[in-house]
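Notes for the one structure printed next.
The values are calculated or read from the model by the stated rules, or taken from the named source; none is laboratory data. Because the structure is a prediction, the values reported are computed rather than measured. Glycine gets a Cβ as well: all are built from the backbone with ideal geometry, and neighbour counts include every protein chain shown. For accessibility, only protein heavy atoms count, side chains too; no ligands or nucleic acids. Shrake-Rupley method; radii C 1.70, N 1.55, O 1.52, S 1.80 Å.
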Amino acid sequence: MPLALLALAVSAFGIGTTEFVMMGLLPNVADDLGTSVPTAGYLVSAYAIGVVLGAPLLTAVGSRIPRKRMLLLLMGFFVVGNLASALAPGFGWLLAGRLLAGLPHGAFFGVGAVVASRLVEEGRQARAVATMFLGLTVANIVGVPAATLLGQHLGWRATFLVVTVIGLVALVALARLVPYVPVDAHQSLGRELRALGNRQVLLGLATAVFGFAGVFAVYSYLASMTTEVMGFGESSVTVVLALFGIGMTLGALAAGPLTDRALRPTLYGSLATLAVVLVAFRFTAHVQWAALVTVVVLGAVGFLTTTPLQMLVMRKAKDAPTLASASNHSAFNLANAGGAWLGGAAIAAGWGWMSPTLVGAVLAVLGLTIALTAGHLDTPDPTPASRVVAEGTPHPREHATTP
């Protein structure tokens with residue numbers, strides 16, 4: 001494995017920690033700032049909206065910046081946003097800090113996925129992208145539970161200070177390990193926009209918005225479900241979040257090889273299974289051991305959707321994949337914001353703490369419907385399924401050098 005992938009995974013670990021830790025801290029933040037848990041859920045949405053806005057804007061602004069320099073700039077932006085969150089004097093300022101921290105997220109993963117795919121030979125590119133995403137899953141096993149525990153004992157501000165330090169470590173790793181990857185001489189914003197307008201790319205983004213929203217409709221309130229429905233104490237929240245992270249890791253490990261072999265069937269199967277698991281969770285939540293097993297499975301099938309969706313949009317926008325790749329993370333975080341909002345709305349309406357599971361199942365079915373429609377409308381692609389390196393762009397083994 002190229003060491004550059006390790007640097008990208010470390011960066012993903014920091015980003016994943018700050019993205020997902022808020023779910024475990026919602027009750028604590030709500031108590032500290034004098035608001036309700038559903039209202040505190042807007043902090044999840046604020047981060048997601050930052051991703052939605054920042055991915056296309058920052059990617060467009062940096063379209064001519066060398067990839068490594070762009071990754072460093074985005075990680076620096078991430079550090080500033082988390083420091084602002086840690087120092088926020090009130091709920092409104094924390095909302096702004098979360099929005100700021102989310103801005104570089106999508107652009108970083110968009111550029112990072114393209115870089116990762118160019119560091120390996122054809123046929124292993126989905127595995128390379130999945131390796132970067134492993135940082136997100138490990139964040140949910142180690143980073144999020146540890147940061148949640150830290151927030152419960154030392155206050156949520158301490159959590160964001162630690163995430164700021166992780167961002168600084170990621171900056172050093174990127175600077176030392178990522179090779180120079182040149183910008184395609186033919187790359188332009190116009191070319192990227194034309195690739196983004198491809199019908200299959202747009203359908204892939206729509207699949208991510210609806211399908212992945214099913215995960216966040218539930219995950220955003222998993223901490224409250226743990227204490228209010230499953231019957232565990234607050235100290236068990238970190239364990240439940242870690243189990244979800246273990247499931248995500250299993251899903252990520254399976255996603256790379258499966259996507260390299262059969263992209264669309266992997267996507268269809270993960271979305272269909274997600275809908276079934278979400279419905280089942282409504283019933284298994286009342287039996288503690290069954291609830292814990294379901295949390296692991298939910299993490300696995302939820303994250304199994306990410307790599308095929310990422311590779312799909314990169315493959316269909318192969319002539320200019322960076323903006324499409326970044327926009328896919330806008331789609332994921334629009335799903336994050338929408339899922340959190342719809343799940344919170346169901347709870348606020350008095351439908352119960354487990355009502356987001358049915359909301360999530362409906363969203364997963366909508367995502368599956370869009371994916372099946374896209375597959376039906378797709379035409380055979382003469383480009384090998386594994387090839388996502390832009391045409392005319394030299395392979396990094398030929399031209400990339402270490403700093």
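Enumerate the helices (runs of 4 or more DSSP H) found wholly within the stretch 177-257, keeping only those where 2 or more residues are over 16 Å from VAL297 (Cβ atoms) and modelled with pLDDT under 80.
Per the criteria, 189-196.
So is GLY375 open to solvent by 10 Å² or more (accessible area, probe 1.4 Å), within 22 Å of VAL276 (Cα to Cα) and of a type outside the set (A, V, I, L, M, F, W, C) or not?
Working: open to solvent by 10 Å² or more (accessible area, probe 1.4 Å): yes; within 22 Å of VAL276 (Cα to Cα): yes; of a type outside the set (A, V, I, L, M, F, W, C): yes.
Yes, satisfied.
So, in the stretch 46-58, exactly how many residues are farther than 15 Å from ARG98 by Cβ, open to solvent by 10 Å² or more (accessible area, probe 1.4 Å) and either at pLDDT below 85 or outside any helix (DSSP H, G or I) (or both)?
The number of residues fulfilling the criteria is 1.
Does ALA252 satisfy being in contact (Cβ under 8 Å) with a residue 60 or more places away in the chain, out of contact with any Lys or Arg (no Cβ under 6 Å at 6 or more places or on another chain), surrounded by fewer than 18 Cβ atoms within 10 Å (Cβ to Cβ) and under 30 Å from GLN125 (Cα atoms)?
no
Given the residues VAL276, VAL240, which is the only one that is open to solvent by less than 30 Å² (accessible area, probe 1.4 Å) and among the β-branched types (Val, Ile, Thr)?
Of VAL276, VAL240, the one residue that is open to solvent by less than 30 Å² (accessible area, probe 1.4 Å) and among the β-branched types (Val, Ile, Thr) is VAL240.
Under the condition of being open to solvent by less than 10 Å² (accessible area, probe 1.4 Å) and over 18 Å from ALA206 (Cα atoms), which residue from the stretch 296-343 is nearest to the chain's Cα centre (by Cα)?
Filtering first and then ranking leaves GLY299.
Cβ-Cβ below 7 Å, separation at least six or inter-chain, first residue in the stretch 22-43 and under 18 Å from GLY339 (Cβ atoms), second buried (at least 19 other Cβ atoms within 10 Å of the Cβ) and of a type in the set (Lys, Arg): which pairs?
Final answer for the pair search is LEU43/ARG98.
Just to be sure before I move on: is ASN336 under 23 Å from VAL21 (Cα atoms) and either touching a Ser or Thr at 6+ places or on another chain (Cβ under 6 Å) or modelled with pLDDT under 80 (or both) in the structure I sent?
yes
Which residues, counting only those in the stretch 228-237, are small (Gly, Ala, Ser) and open to solvent by 50 Å² or more (accessible area, probe 1.4 Å)?
Of the residues in the stretch 228-237, the ones small (Gly, Ala, Ser) are 231, 233, 235-236.
Across the stretch 228-237, the qualifying residues are GLY231, SER235.
Looking at the stretch 24-45 only, could you name the residues that are more than 16 Å from ALA345 (Cα to Cα), within 22 Å of the chain's Cα centre (by Cα) and at pLDDT 80 or above?
If the condition is that a residue be more than 16 Å from ALA345 (Cα to Cα), within 22 Å of the chain's Cα centre (by Cα) and at pLDDT 80 or above, then LEU25 is the only one that fits.
Let me spell it out: the conditions are (1) under 23 Å from LEU53 (Cα atoms); (2) open to solvent by 20 Å² or more (accessible area, probe 1.4 Å); (3) of a type in the set (S, T, N, Q), and GLN288 meets all of them except one. Which number is the exception?
Going through (1) under 23 Å from LEU53 (Cα atoms); (2) open to solvent by 20 Å² or more (accessible area, probe 1.4 Å); (3) of a type in the set (S, T, N, Q) one by one, GLN288 breaks only (1).
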